[in-house]
Amino acid sequence: MAQPDSKKIFFENLSGAGKAIAVLTSGGDAQGMNAAVRAVVRMGLYVGAKVYFIHEGYQGMVDGGENIKEASWESVSSMLQVGGTVIGSARCKEFRSHEGRLKAANNLVKRGITNLCVIGGDGSLTGANLFREEWSGLLGELVEQGSIDADSVQKYSALHIVGMVGSIDNDFCGTDMTIGTDSALHRIIEVVDAIMTTAQSHQRTFVLEVMGRHCGYLALVSALACGADWVLIPEMPPEDGWEDKMCQKLSANRAGMKRLNIIIVAEGAIDRNNKPITTEFIKDLVVKCLGFDTRVTILGHVQRGGTPSAFDRILASRMGVEAVLALLETTANTPACVVSLCGNQSVRLPLMECVQMTQEVQKAMDEKRFEEAVKLRGRSFVNNLKTYKLLAHRKPESELPISNFNVAVLNVGAPAAGMNAAVRSAVRVGISEGHKMFAVSDGFEGFYKGQIKEIKWADVGGWTGQGGSLLGTKRTLPAKHVDKIAEQMRMHNINALLVIGGFEALLSLLELLTARGKYDEFCVPMVMVPATVSNNVPGSDLSIGADTALNAITTTCDRIKQSASGTKRRVFIIETMGGYCGYLATVGGLAAGADAAYIYEEPFDIRDLQANVEHLTEKMKTSIQRGLVLRNENSNENYTTDFIYQLYTEEGKGVFDCRKNVLGHMQQGGAPSPFDRNFGTKISAKAMQWISKKLVETFRHGRVFANTEDSCCLLGMRRRALVFQPVVQLKDDTDFVHRIPKEQWWLKLRPLMKILAKYKTSYDVSDSGQLEHVVRNRPKELDASVAM
């Protein structure tokens, strides 16, 4: 194994020896909490600390006894895929009293615990901070009572707190996504997709109530993900007279041959006078005004249940490791912090700053300052609301700007879930901006054959939940047919191109850029939105379709591992897609709890394979019953999936047996995940707005003429920012032979996967979160939160 460079440090430098860390889950449960607990336990043990479970949240801390147990490596096995929290959660009135906190302090000091990792909502984290502030006083009282001695006060003088936000509502300010939110969205979208089929059959209107007593995030994002006709949220109550407007909208949609209506209501939805808006009220309103057959579905606790999504497992695992690092680095003067996600980046934020801002949102709503409440929720929330309004409510023709520009949209490369959501978004935003939108079927192959037609607002209705590519997509590159493509551009007077696709889309734009020297028709604004399950496009950390593929891999691995329950010890060898890019194997491995993941980017030899087999053999001699090994399809031309399977089978004789599985094209199929629907919708909307801006900038003397490098771009997510990058500048960042970027952010997750699988490795802490302050309004370009 390569030695760490100066930025990487071994864990001896971050030793937890002599420290005791306790982890608890408090308040409402959320899918992914178990992944966070697992990561805290294993990372804590890895750095040499003692780690304790506190069962039943603060109640267990107050009661002590068997509720506070030392954790072992094996005690968190097989919990990654389990929903809820296996260590239990309870709301504790006693902890709110001084006497309760005194009992809790006594129970912690007896076990030498001075580091707490609290997973819960703002109430749980506020309680933890109060406990920390009172700690020295509580120890003084315990000495007076004779419960502890004076030496203990000196030895355990400071209590360190790090929080992780576990809440399906995503109602905590300072983080883009809380643990459990993505899984709750999965449950909602599964139900909405199922309801849509029955609603369509009977031409019904469905009113769905989703959770969110004080926060409309779930309602808003699910409405965006399914293309709901109307959404009601507490942060932005509808204007007076909304009842008539909603009924007009529903009626207009039915008149436009739409056979169903979906209305999504947050459970805390209110009107401008802070009066609740109930699902029954809406149902009665629709029946009375329109006579539509209307049904109500209240999702309730279904949203909290089920297995965590791939996103939540990865988020929770990253945050759990980050929490342990934060605890190791704290001093007596370090404020309690929360570890959270900003864009694609781990951050640490002062706990009370986040809590105060979260409370400000509720105060703003109570005082009817609704615009301010929306802004306080953060740029992600604001962006969701703007995009929903833009796509759901069509302006009358008389109010549309007249641009006289024609914009073509096409898919290029292999299909990816979420492509259709991106096309729908582009078409509707383009029409809203006054453009005439054209759809090109079958990529550049269809382009040169003239398979181009105008596409209207209603044509893309219901596209968000459809998998694959409804436009059709091919891998054909334009270079051989530039003359015919230029002719079609001229015939249809195409003034701009939006290309949605993978690596072939990047190659296509580079070829069209080169063709500008010969054909003026290509001197128009061109932008690419990355969409590929492989996530191998340079210039973007994420691609549309990759999250859906990860969920397919994770779900399949869960089932495969479960198939071995109750049998003898077994190791599964799983082959994933991705070409030469190891993203799916690595991140899928992290989400599924893999023991190893073989990829092209990290070369391996027979010695590494042998070491992995020996490592698994050692683990199998304990209580571990199942092993999981992932292999990227092109990781090595000689060490094939069959070879690795045969090697493991032979070397594991007498300890474990082996099975292999090639996942294949199931990773490309299926309905898009909520993440991919929303990422596709919003990144495509942003790309379309860029096109509108460029068309105005480059329109001179009665025509569009754009021949600068910055008029042919890729829109990608880089760390915390969404960035438009000229494709020509991405050449140096690209390995064209293997069709991958030269630098890939997710490689930093590989040591994390190895640590959680009990390997000795080095870890790059240069990228770990630094304590920042909560910013009310981030700069506009720092809007990577567009992803969700």
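The values are calculated or read from the model by the stated rules, or taken from the named source; none is laboratory data. Just so we're clear, the structure is a prediction, and the values are computed from it rather than from any experiment. All Cβ positions, even for glycine, are placed from backbone atoms using ideal geometry, and neighbour counts span all protein chains on display. Quick note on the areas: whole protein, heavy atoms, side chains included, nothing else; ligands and nucleic acids left out. Shrake-Rupley method; radii C 1.70, N 1.55, O 1.52, S 1.80 Å.
Quickly run through segment 693-711 and pick out the residues that are part of a helix (DSSP H, G or I) and either in contact with a Phe, Trp or Tyr (Cβ under 8 Å, 6 or more places away or on another chain) or among the aromatic types (Phe, Trp, Tyr) (or both).
Within segment 693-711, LEU695, THR698, ASP710 qualify.
Among the residues of segment 643-675, write down those that are part of a helix (DSSP H, G or I), over 33 Å from the mean Cα position of the chain (by Cα) and surrounded by fewer than 20 Cβ atoms within 10 Å (Cβ to Cβ).
PHE643, GLN646, LEU647, THR649, GLU650, GLU651
Among the helices (runs of 4 or more DSSP H) lying completely within segment 309-385, list those that include at least 1 residues that are surrounded by 24 or more Cβ atoms within 10 Å (Cβ to Cβ) and within 19 Å of the chain's Cα centre (by Cα).
Output list reads 310-329.
Which is among the acidic types (Asp, Glu), at pLDDT below 95 and either surrounded by fewer than 24 Cβ atoms within 10 Å (Cβ to Cβ) or over 27 Å from THR532 (Cα atoms) (or both), of GLU633, GLU637, GLU614, GLU601?
None of the others qualify; the one that does is GLU614.
Take segment 746-755 and flag every residue that is closer than 18 Å to GLN345 by Cβ, touching a residue at least 40 places away in the same chain (Cβ under 8 Å) and crowded, with 17+ Cβ neighbours inside 10 Å.
Answer for segment 746-755, where residues must be closer than 18 Å to GLN345 by Cβ, touching a residue at least 40 places away in the same chain (Cβ under 8 Å) and crowded, with 17+ Cβ neighbours inside 10 Å: TRP746, LEU749, ARG750, LEU752.
Can you find even one residue in segment 102-124 that is open to solvent by 30 Å² or more (accessible area, probe 1.4 Å), modelled with pLDDT under 95, within 24 Å of LEU351 (Cα to Cα) and within 31 Å of the chain's Cα centre (by Cα)?
Yes, that holds for at least one residue.
Here are some conditions: (1) assigned to a loop (DSSP other than H, G, I, E, B); (2) in contact (Cβ under 8 Å) with a residue 24 or more places away in the chain; (3) of a type in the set (D, E, K, R). LYS731 meets all but one. Which one does it not meet?
The number of the failed condition is (1).
From (1) among the basic types (Lys, Arg); (2) open to solvent by 30 Å² or more (accessible area, probe 1.4 Å); (3) closer than 23 Å to LEU584 by Cβ, pick out the condition that doesn't hold for ARG703.
(3)
Quick check on SER147: is it farther than 19 Å from GLU353 by Cβ, small (Gly, Ala, Ser), part of a loop (DSSP other than H, G, I, E, B) and touching a residue at least 12 places away in the same chain (Cβ under 8 Å)?
So SER147 passes the test.
Based on this model, can you work out whether ASN411 counts as among the polar types (S, T, N, Q), in a loop (DSSP other than H, G, I, E, B) and either open to solvent by 40 Å² or more (accessible area, probe 1.4 Å) or in contact with a strand residue (DSSP E or B) (Cβ under 7 Å, 6 or more places away or on another chain) (or both)?
no
For TYR639, only one of the following conditions fails: (1) closer than 23 Å to ARG569 by Cα; (2) touching a residue at least 40 places away in the same chain (Cβ under 8 Å). What is its number?
(1)
Of everything in segment 131-188, what is closer than 30 Å to ALA266 by Cβ and open to solvent by 40 Å² or more (accessible area, probe 1.4 Å)? Give them in sequence order.
ASP171
Check GLU280 against each of (1) within 19 Å of VAL231 (Cα to Cα); (2) touching a residue at least 24 places away in the same chain (Cβ under 8 Å); (3) assigned to a helix (DSSP H, G or I) and name the one condition it does not meet.
Tallying (1) within 19 Å of VAL231 (Cα to Cα); (2) touching a residue at least 24 places away in the same chain (Cβ under 8 Å); (3) assigned to a helix (DSSP H, G or I), GLU280 fails exactly one: (2).
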